[in-house]
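J.: Below is a structure I'd like to ask you about.
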Amino acid sequence: MSHATPIKSAPVIEYAEYAPQEADRRPTDWAAQAIAVETKNLSRAVVDKVLVRDISVQVQKGEVLAVVGPSGAGKSSFLRLLNRLDEATGGTVLLDGEDYRAIAPRELRRRVGMVMQMAYLFPGTVAENIAFGPLQRHQTMSQEQIKALLDRVALPGYQDRDVSTLSGGEAQRVSLARTLANSPEVLLLDEPTSALDEASAHGIEELVLRVIRERQMTCVIVTHDMQQAARIADRTMYLEAGKLVAVVPTNGVSHAG
Amino acid sequence: MLAELMQSLSSDVSRGMAQAAGAVTLCLAVVLICRWFAVHVERETVLSLVRGLVQMVFVGIVLALLLHGNALVGMLILLAMTFAAAVTASRRAQGIKDALLLCFYAIAAGAGVVIVGMLATGTLHSDIAILVPVGSMIIANAMNACAQSIERFSADVTAHVGQVEAGLALGAEPAVTVAPYVQSAVYASLLPRLDMLKSLGLVWIPGVMAGMMVSGASPIYAGIYQFIIVVMILAASGIAGLLVTLLIRTRAFSPAAQLTLRPGEPHKPRLAAVNAQ
C-alpha cells in the first residue's frame, strides 16, 4: 500500500552553507492568508491550577508562530492543546475552520504533527520509527520513501541503524523525519533544541527552518530562546502565567528582547 | 452442629493451646534475645501474638460451622472471597475509576472459569470441605496476579509517558502505544506462578498434597492432583492478569485518546475528560 501523500525526494541540505535569510520570510500580511489554526478562548485548568487561560489566536497557513514566555508560562501546555494531547477545559481549536473536537483524535494528530523536546524514539531501527505513523493507517512506506526522508533530515544511510546508537541531535532529526512521514499540515515543535548541545541545536534549527519553508508548513514552535524565535518565526506570541500577553511580528519581540 | 463443634473444641482446644504455648514461648525467647541487642519489639510481638491467636480461633469456629453447609454455601463463600480479593488487589490501582469492579471482574473470571471447569470435569468435588480450600487457593493466586499486573502496568506506563505520547502524537491507537507494557505486565504476573510450577516437588511440597497423603491418599495420585491444582492456578492467574491489564488499559486513556495515567498523580480523574466528546 502506498503512502497517502507521496514524499518528494530532495537533495541533502548543506548546513554549513545555510543560514536563515530574510528572503526566507513570507509576506507578513497575514490577514490576507487563510487561517490554518485558530484557538478560541482556549483554556486548561488542572485541579487547582490554571495552565492556559482564555487564549484566542489565529495562525495563518504557512505562518511560523513562536510561543515564548518564562518557565511555567503555559507554553507547552498551550501547544499540547493544539493536537489534543491534553483536553481543553474551556474554548476550542479550529483546524481549517473545523472544530477539532469533531475530528477523530488519530486523524487530528496525523494532520497536526508534533516534535517533542526529547526524541522519544521507539526501540528498533530508524526505518521502523519513520514508518510508524503511516503504519498506524495501514500504509507501508517504501525503502525509497524512508531513504528520501532521511536524506531530508541529513541522515543518509541511517535507515538500519538501531536508535540506541544515535546521538541526541541524530535522534531529534529522526523524530522530525518520523513526524514528517505523516505529511502533517501543521507542525508543532516543543522546544526541539533545548535538550541538545549548541552544535546539534544549531543544526536542528536550520533543518527545521528549511523544512517548514520548503513545505510551506504552518508551524507553532515553543521556545524559551528569544533569538531562536527571531530567527525562525514570522510572529511571536508572548505568554505569562497562562495568559496571552502579546502577539507581535518577530522583529518587534527581537528588539524587545 | 453446635454440639459437634463444642465436642471438637473440648477435645482439641486444650491440646492446641498447649502446643501454641510452646510456640509462643520460643517466640518470646527470640524477643528477649532481640532486646539484648537493643531491638525492642516486645509490645508489637505480644500484640501480634494475641491478635493472631484470636483471629485463627475465630476463623476455626467459622469454618467449623460453614463446613457443614452445602455447595451453594460454598459458592457464596467463594464469592465473598473473590470480593475481598478484589478489594485487596484494587489497592494497587488507587484513583483508577471503577478499580474495585475491574479487579472483581478479572478475579471472578479467572477463578470462575477454572473452578467451574474443574467442577464440570469432576476434578474438583462440590463438597464444601474441598471446594472452599481449593477455590480459595485459586482466588488468592488470581488476586496476586491481578495486583502484580496492575502494579507493573502502571509503573511501566508512568515511566514511559514520553514514548506513549509520542505514539499518540503520531496517530497511533492508545492500545498500540502501551502494547509493550501490557505484555510485560501479564508476563510479570505469570512469572511467580511459572516458577511455582517449575519448583513443584523440588523446592516445596504444597499443602494439598501433604493433606491428601496424611488422609491416606496414594502419594502418586496426591502428587498428580497437586500438579493439576498448580496448573489451574496458573490458568486462573493468566486469565485474571490479562483481563485486569486490558481493563485497566481502557482507564489509562480518556475518550479522546489522551493519556491520563501519569506519574505523581496515581490516576486521579482529571479535568481532561471534561471537554471530551
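J.: Based on this model, can you work out whether residue A:230 counts as farther than 20 Å from residue A:35 by Cα, out of contact with any helix residue (DSSP H, G or I) (no Cβ under 6 Å at 6 or more places or on another chain) and not aromatic (Phe, Trp, Tyr)?
T.: no
J.: Report the residue count in the range B:178-199 for those that are touching a residue at least 60 places away in the same chain (Cβ under 8 Å) and either within 14 Å of chain A (Cβ to nearest Cβ) or within 18 Å of the chain's Cα centre (by Cα) (or both).
T.: Within the range B:178-199, residues that are touching a residue at least 60 places away in the same chain (Cβ under 8 Å) and either within 14 Å of chain A (Cβ to nearest Cβ) or within 18 Å of the chain's Cα centre (by Cα) (or both) number 2.
Every residue, every condition in (1) within 30 Å of residue A:147 (Cβ to Cβ); (2) assigned to a loop (DSSP other than H, G, I, E, B); (3) more than 12 Å from chain B (Cβ to nearest Cβ), yes or no:
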| residue | (1), (2), (3) |
| --- | --- |
| A:54 | no, no, yes |
| A:58 | no, no, yes |
| A:71 | no, yes, yes |
| A:93 | no, no, no |
| A:114 | yes, no, no |
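J.: Kindly establish whether residue A:139 is within 14 Å of chain B (Cβ to nearest Cβ) and either among the aromatic types (Phe, Trp, Tyr) or in a loop (DSSP other than H, G, I, E, B) (or both).
T.: Yes, satisfied.
J.: For residue B:169, only one of the following conditions fails: (1) at pLDDT below 95; (2) touching a Lys or Arg at 6+ places or on another chain (Cβ under 7 Å); (3) of a type in the set (Gly, Ala, Ser). What is its number?
T.: The failed condition is (1).
J.: Moving on. Evaluate the following for residue A:101: is it basic (Lys, Arg) and at the interface with chain B (Cβ under 8 Å from one of its Cβ atoms)?
T.: Taking the combined requirement at face value, the residue satisfies it.
J.: Considering only residues of the range A:116-136 that are at the interface with another protein chain (Cβ under 7 Å from one of its Cβ atoms) and in a loop (DSSP other than H, G, I, E, B), which is nearest to residue A:212 (Cα to Cα)?
T.: A:116
Listed here are the residues, each with its yes/no results for (1) surrounded by 11 or more Cβ atoms within 10 Å (Cβ to Cβ); (2) not assigned by TED's automatic domain parsing to the domain that holds residue B:115.
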{"site": "B:18", "(1), (2)": "no, yes"}
{"site": "B:25", "(1), (2)": "no, yes"}
{"site": "B:29", "(1), (2)": "no, yes"}
{"site": "B:35", "(1), (2)": "yes, yes"}
{"site": "B:39", "(1), (2)": "no, yes"}
{"site": "B:54", "(1), (2)": "no, yes"}
{"site": "B:64", "(1), (2)": "yes, yes"}
{"site": "B:76", "(1), (2)": "yes, no"}
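J.: Give the residue, chosen from A:211, A:247, A:174, that is touching a Phe, Trp or Tyr at 6+ places or on another chain (Cβ under 8 Å), more than 18 Å from residue A:79 (Cα to Cα) and outside any loop (DSSP other than H, G, I, E, B).
T.: Of A:211, A:247, A:174, the one residue that is touching a Phe, Trp or Tyr at 6+ places or on another chain (Cβ under 8 Å), more than 18 Å from residue A:79 (Cα to Cα) and outside any loop (DSSP other than H, G, I, E, B) is A:174.
J.: Pick from B:100, B:53, B:65: which is modelled with pLDDT under 85 and farther than 17 Å from residue B:239 by Cβ?
T.: B:65
J.: Here's another thing I want to ask about it. Could you please find all residues in the range A:179-204 being outside any loop (DSSP other than H, G, I, E, B) and modelled with pLDDT under 85?
T.: A:198, A:199, A:200, A:201, A:202, A:203, A:204
J.: Here is a further query. How many of the residues in the range B:115-137 are out of contact with any Leu (no Cβ under 9 Å at 6 or more places or on another chain) and buried (at least 20 other Cβ atoms within 10 Å of the Cβ)?
T.: Final tally of qualifying residues: 0.
J.: While we're looking at this one, here's another question. Are there any pairs with C-beta distances below 7 angstrom linking a residue in the range A:33-51 that is under 21 Å from residue A:186 (Cα atoms) to a residue that is assigned to a strand (DSSP E or B) and of a type in the set (D, E, K, R), with the two at least 6 apart or on different chains, and if so which?
T.: Listed by first residue and then by second, the contacts come to A:41/A:54; A:43/A:53; A:43/A:54.
Listed here are the residues, each with its yes/no results for (1) of a type in the set (S, T, N, Q); (2) at pLDDT 95 or above.
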{"site": "A:73", "(1), (2)": "no, no"}
{"site": "A:85", "(1), (2)": "no, yes"}
{"site": "A:93", "(1), (2)": "no, yes"}
{"site": "A:97", "(1), (2)": "no, no"}
{"site": "A:114", "(1), (2)": "no, yes"}
{"site": "A:128", "(1), (2)": "no, yes"}
{"site": "A:131", "(1), (2)": "no, yes"}
{"site": "A:140", "(1), (2)": "yes, no"}
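J.: Pick out the one residue from B:93, B:109 that is in contact (Cβ under 8 Å) with a residue 12 or more places away in the chain and under 24 Å from residue B:227 (Cα atoms).
T.: The conditions single out B:109.
J.: Turning to a different aspect of this structure: Out of the residues in the range B:158-177 that are farther than 15 Å from residue A:80 by Cβ and part of a loop (DSSP other than H, G, I, E, B), state the one that is farthest from the other protein chains (Cβ to nearest Cβ).
T.: B:160
J.: Right, next: Can you find even one residue in the range B:133-154 that is among the acidic types (Asp, Glu), in contact (Cβ under 8 Å) with a residue 12 or more places away in the chain and within 14 Å of chain A (Cβ to nearest Cβ)?
T.: no
The values are calculated or read from the model by the stated rules, or taken from the named source; none is laboratory data. Treat the numbers as computed from the prediction; the structure is a model and nothing was measured. So basically every Cβ, Gly included, is an ideal-geometry build from the backbone, and we count neighbours across all protein chains shown.
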